[in-house]
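Okay, structure first, notes after.
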Amino acid sequence: MNLLGAVKFPPIQNVIEWPAWLFEDSTYFAFNKIAFIHFLGLVIPMAVFLLGARGSGLVPRGFRTVSEGIVTFVDEQIAKPGIGHGREPYLPLLVSFFLFIFIGNITEVIPFFQMPANARMAGPLVLALVAWGMFISVGVRHNGPGYFKEVLFPPGVPKALYLLVTPIEFLSTFLVRPFSHAVRLFANMLAGHILLITFGVLCISVWSASALVLIQIGTFPGLVAFTAFEVGVSLIQAFVFTILAAVYIGGALHPAH
Amino acid sequence: MINLLVIVVAAEEEAPPNPVIPVENEIVWAAIFFFALWAMMKFVLLPPIQRAMDERSSTIQSGKDAADAATSALGSARRDHEATLAEARAEANAILAGARAAADERRAALQAEADTEIAEMRRSAQAEIDQARAEALSGMRGDVSSLAVGAAQIVLGRDLDAGNQQSVIDQALSAD
């Protein structure tokens, strides 16, 4: 336990090290709580969409409303502004990003889980690398090798400035982008998780220290408020990651824009 | 030196793991489940939902088109109806005008006939009046001659020939 003032904080290992539920620890297939949350990120959308596909009739109901709402939201609010014309082939990827990330985030406030899978670097890194590979492949497929020229030597820039601009573009677009994309999600979720832990620990510690129980009046509402805040953060981070992926793909699809 | 190494190794062993470094097993599972979701979404999950949405859009669009066509047909029918109504109204006005003209003609004919009949009756009555007057005048002339001759005989004290005096009496009556 780490001591901060009179409050005992759990060690950071409790957030980072998750014991395996299946297979051996320290193996590539060690299946722990984080892997289980990612599994839910596959199973829950499947269930919702399969149940939604069973519905019929002109007016959608139940799971069909949910699944159509998700598809419409991703298409209208993410794919259309991010990619624009020719976005249809990328809709499955964007819907998958959004749902996989949202489920990996929202477990932060669900009892028993109380841990966002995306507060671990692995998930966001995989997703960011997929987005990175996708936008580069889209750029090359639609523009040929000239895509790299478009990105590294943006038109309209004075030639002398290419000495400065080209290395910056290379670093920012092809090297840093996947990591900034991943870290943005990971860091937000880890920070939110640590915030909730802090308020949770404060509540427990203050409750057990009878002299400080009056402070509970401030800490418990803080815990409730930040829990509600983290629900919003879960949604916003899923949205931000997905729309950034859409913008990257859109930029590769129409580099002249 | 060995002690220092031991301390460094111990410190490394005790140092908490870096949360930024991804763990292999989590990468593996995240990749497996995400690629599975992406494939399912692309080939199984999304197509029926999109198909249903497209079908609904096309149903709504065709309904809207049908409503537009019905509205257009209604407008056309209303225009036809108004044209037919105007035609009927014009026809009715024409019939009415014709009937009115025929009635006027008939009235004029009847009036002319009545006028002719009245004129005939008036002429006949006038003739009867003239005849009665002539008859009355003739009768009155005889009486007046007799009275005048009688009065003259009384005044003169002698008999007068009525035949001879008749022309004088006629002259006197004609002078009136």
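The values are calculated or read from the model by the stated rules, or taken from the named source; none is laboratory data. Everything numeric here is computed off the predicted structure, so don't read it as measured data. Heads up, the Cβs are rebuilt from the backbone with ideal geometry, glycines too, and the neighbour counts pull from every protein chain shown.
Can you name the condition, by its number, that residue A:165 falls short on among (1) farther than 25 Å from residue A:92 by Cα; (2) exposed (fewer than 14 other Cβ atoms within 10 Å of the Cβ)?
Going through the list (1) farther than 25 Å from residue A:92 by Cα; (2) exposed (fewer than 14 other Cβ atoms within 10 Å of the Cβ), residue A:165 breaks only (2).
So residue A:151 clears everything in (1) farther than 30 Å from residue A:196 by Cβ; (2) out of contact with any helix residue (DSSP H, G or I) (no Cβ under 6 Å at 6 or more places or on another chain) except one condition, right? Which one?
Result: residue A:151 fails condition (2) only.
To keep it simple, each residue is scored yes or no on (1) at pLDDT 90 or above; (2) among the aliphatic types (A, V, I, L, M); (3) surrounded by fewer than 17 Cβ atoms within 10 Å (Cβ to Cβ); (4) over 30 Å from the mean Cα position of the chain (by Cα).
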site: A:183; (1), (2), (3), (4): yes, yes, no, no
site: A:186; (1), (2), (3), (4): yes, no, no, no
site: A:189; (1), (2), (3), (4): yes, yes, no, no
site: A:198; (1), (2), (3), (4): no, no, no, no
site: A:215; (1), (2), (3), (4): no, yes, yes, yes
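Quick one: would you say residue A:106 is facing chain B (nearest Cβ under 10 Å), in contact with a helix residue (DSSP H, G or I) (Cβ under 7 Å, 6 or more places away or on another chain) and closer than 25 Å to residue A:123 by Cα?
no
When the stretch B:14-35 is examined, which residues are found to be assigned to a helix (DSSP H, G or I) and surrounded by fewer than 18 Cβ atoms within 10 Å (Cβ to Cβ)?
Result: B:14, B:24, B:32, B:35.
Which ones in the stretch B:19-68 are under 17 Å from residue A:133 (Cβ atoms) and more than 7 Å from chain A (Cβ to nearest Cβ)?
Selection gives B:32, B:35, B:39.
Taking the residues in the stretch B:53-69 that are under 16 Å from residue A:88 (Cβ atoms) and not hydroxyl-bearing (Ser, Thr, Tyr) as candidates, determine which candidate is surrounded by the fewest Cβ atoms within 10 Å (Cβ to Cβ).
B:54
Looking only at residues in the stretch A:33-64 that are touching a Phe, Trp or Tyr at 6+ places or on another chain (Cβ under 7 Å) and within 7 Å of chain B (Cβ to nearest Cβ), which one is nearest to residue B:60 (Cα to Cα)?
Going through the qualifying residues, I end up with A:52.
Would you mind telling me which numbered condition in (1) more than 16 Å from the chain's Cα centre (by Cα); (2) modelled with pLDDT of 90 or more; (3) basic (Lys, Arg) residue A:149 fails?
(2)
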